[in-house]
Amino acid sequence: MRVSIIGQGYVGLTIAVGAASAGHQVIGFDINASLVSNLNSGISHIEGISNDEINKFLGNGMFQATDDPAKLDTSDVIVIAVPTPLTEDRQPDLSFVHAAADLIQRCVKKPVLVVNESTSYPGTLRKEIAARISTVSHLYAASPERVDPGNSQWGTKSTPRLIGGLTPEAVAKAKEFYSTFCDSVIEVSSPEVAEAAKLFENTFRQVNIALVNEFVQIAQELGISGREVLDAAATKPYGFMEFNPGPGVGGHCIPVDPTYLAHVANQVGVPATFIKRANEVNLAMPAYVVKRVIAGVGGSVKGKSVVVVGVSYKANVADTRETPAASIIDLLRQAGATVNWHDPLVASWRGEESSALGASDVAVVVTKHDVVSVADIEKSSYVFDCTGSIAGADGI
């Protein structure tokens, strides 16, 4: 098949490589001209996708990146894999999805299968994509992405894929396509079910992370180790699932997807109380971390040198989207500290460069990459560890 994928970020490029590896001719469309140029030069920007892979598919003609929307008209399948972020007031932002739909409306003149992989609330495929494209009778399916950056066990091939379509023909075409590079393709009764399943998966994680984050604060005031309690609870062989506390949540899914579910819940008159409370707890964790740091150094960080270790949202990946490190740094600076950050996987971020680890007054470990030395962290006079990975350190 001739496949075009709109968006060449973590999701889009991953799908492009999967489709090309199955023998499809793939066009990776993106509006970022620099990204397109790098891809066509064999330079990958995604962990887990090597330059060698990109060069292999460029060399055999199975992949080409472009910012020319006219090339979409050669497709049999078009996959939408664009961001679905939040606005400044933390409401769903479908502007990228709308732009992709408008691009298809404008440039694709023959019927194709349109698949939305971008995570959004139930009804997005039907009301926000298909309803915007009126000139051609396309087939429409939803197959929300399940990409987990840095996960070597569960990738595009091994992770079960959900498919829901507006018609049986769309479902059949989508299953035919995804079955070429996914081990398990599961059909559900509608695109709304597929869309809701993705939101619930990450809402489940958000709510449970918030629960343990709230619990460790209770344990701290009770004078016991919250992490020891959680480890003890995890010895039960049934009825318990282990989640770990931390400085908040980050990335492209957990801080965002529950808000999309809460949004559609409000639209149908159901107050999403658990979801809203979970968001509140996790968004408040950076302030809790800073409060604990200040208490740990005697009541003030004014004038103290602080290094924040790890600004990506997750260990061993370079993704800084929605990272709680941003709020922790801002709050520490507001409290009068001189703050630098160290992250060997992130060259630059927010207009700043990674600093070397040294003898700071305070080290706040937000994310612990394997390549970061504990001995280097412990050069600081006081260490606050949000990850539970440094023995003897103060922390969550």
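Can you tell me which residue among P69, P92, P83 is of a type outside the set (K, R), at pLDDT 95 or above and touching a Cys at 6+ places or on another chain (Cβ under 9 Å)?
Values: P92 fails: touching a Cys at 6+ places or on another chain (Cβ under 9 Å); P83 fails: touching a Cys at 6+ places or on another chain (Cβ under 9 Å).
Answer to the check: P69.
Hey, any hits in region 181-194 for a residue that's crowded, with 18+ Cβ neighbours inside 10 Å, closer than 17 Å to M285 by Cα and among the hydrophobic types (A, V, I, L, M, F, W, C)?
No, region 181-194 contains no residue that is crowded, with 18+ Cβ neighbours inside 10 Å, closer than 17 Å to M285 by Cα and among the hydrophobic types (A, V, I, L, M, F, W, C).
Quick one: is A359 out of contact with any Phe, Trp or Tyr (no Cβ under 9 Å at 6 or more places or on another chain) and over 21 Å from G250 (Cβ atoms)?
On the way: out of contact with any Phe, Trp or Tyr (no Cβ under 9 Å at 6 or more places or on another chain): yes; over 21 Å from G250 (Cβ atoms): yes.
Criteria met by A359.
Okay, residues lined up against (1) modelled with pLDDT under 95; (2) not aliphatic (A, V, I, L, M):
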{"residue": "V311", "(1), (2)": "no, no"}
{"residue": "A318", "(1), (2)": "yes, no"}
{"residue": "R333", "(1), (2)": "no, yes"}
{"residue": "A347", "(1), (2)": "yes, no"}
{"residue": "V365", "(1), (2)": "no, no"}
{"residue": "A375", "(1), (2)": "no, no"}
{"residue": "G395", "(1), (2)": "no, yes"}
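I want to confirm something. Restricting to region 146-180 and keeping residues that are hydroxyl-bearing (S, T, Y) and part of a loop (DSSP other than H, G, I, E, B), which single residue is surrounded by the fewest Cβ atoms within 10 Å (Cβ to Cβ)?
Taking region 146-180 as the starting set, the residues that turn out to be hydroxyl-bearing (S, T, Y) are 152, 156, 158-159, 167, 178-180.
Remaining after also requiring part of a loop (DSSP other than H, G, I, E, B): 152, 156, 158-159, 167, 179-180.
Working: S152: 8, T156: 21, S158: 11, T159: 16, T167: 11, S179: 14, T180: 15.
Out of the qualifying residues, it is S152.
From the list L283, L211, which one is touching a Phe, Trp or Tyr at 6+ places or on another chain (Cβ under 9 Å), surrounded by fewer than 20 Cβ atoms within 10 Å (Cβ to Cβ) and not assigned by TED's automatic domain parsing to the domain that holds E145? Don't jump to the end; show me each part of the working.
Numbers: L283 fails: touching a Phe, Trp or Tyr at 6+ places or on another chain (Cβ under 9 Å).
None of the others qualify; the one that does is L211.
So which strands (runs of 3 or more DSSP E) are wholly in region 286-371 and hold at least 2 residues that are without any contact (Cβ under 8 Å) to a residue 60 or more places away in the chain and farther than 15 Å from C386 by Cα?
In region 286-371, the matching strands (runs of 3 or more DSSP E) lie at 338-342.
Please verify whether D93 is surrounded by 15 or more Cβ atoms within 10 Å (Cβ to Cβ), closer than 25 Å to R2 by Cβ and among the charged types (D, E, K, R), treating the condition exactly as stated.
Numbers: surrounded by 15 or more Cβ atoms within 10 Å (Cβ to Cβ): yes; closer than 25 Å to R2 by Cβ: no; among the charged types (D, E, K, R): yes.
No.
Please verify whether region 234-244 includes one or more residues that are surrounded by 21 or more Cβ atoms within 10 Å (Cβ to Cβ) and under 25 Å from the mean Cα position of the chain (by Cα).
So in region 234-244, the residues surrounded by 21 or more Cβ atoms within 10 Å (Cβ to Cβ) come out as none.
No; the residues of region 234-244 include none that is surrounded by 21 or more Cβ atoms within 10 Å (Cβ to Cβ) and under 25 Å from the mean Cα position of the chain (by Cα).
Is there any pair with a first residue in region 198-209 that is β-branched (V, I, T) and a second that is surrounded by fewer than 17 Cβ atoms within 10 Å (Cβ to Cβ) and in a helix (DSSP H, G or I) whose Cβ atoms are under 9 Å apart and which are 6 or more apart or on different chains, and what are they?
Close Cβ pairs (under 9 Å, with a partner that is surrounded by fewer than 17 Cβ atoms within 10 Å (Cβ to Cβ) and in a helix (DSSP H, G or I)) amount to T203/F274; V207/F274; V207/R277.
The values are calculated or read from the model by the stated rules, or taken from the named source; none is laboratory data. Predicted model, so just to flag it, every value in this text is computed and none were measured. Don't worry about glycine lacking a Cβ; one is built from the backbone with ideal geometry, like all the others, and counts go over all protein chains shown.
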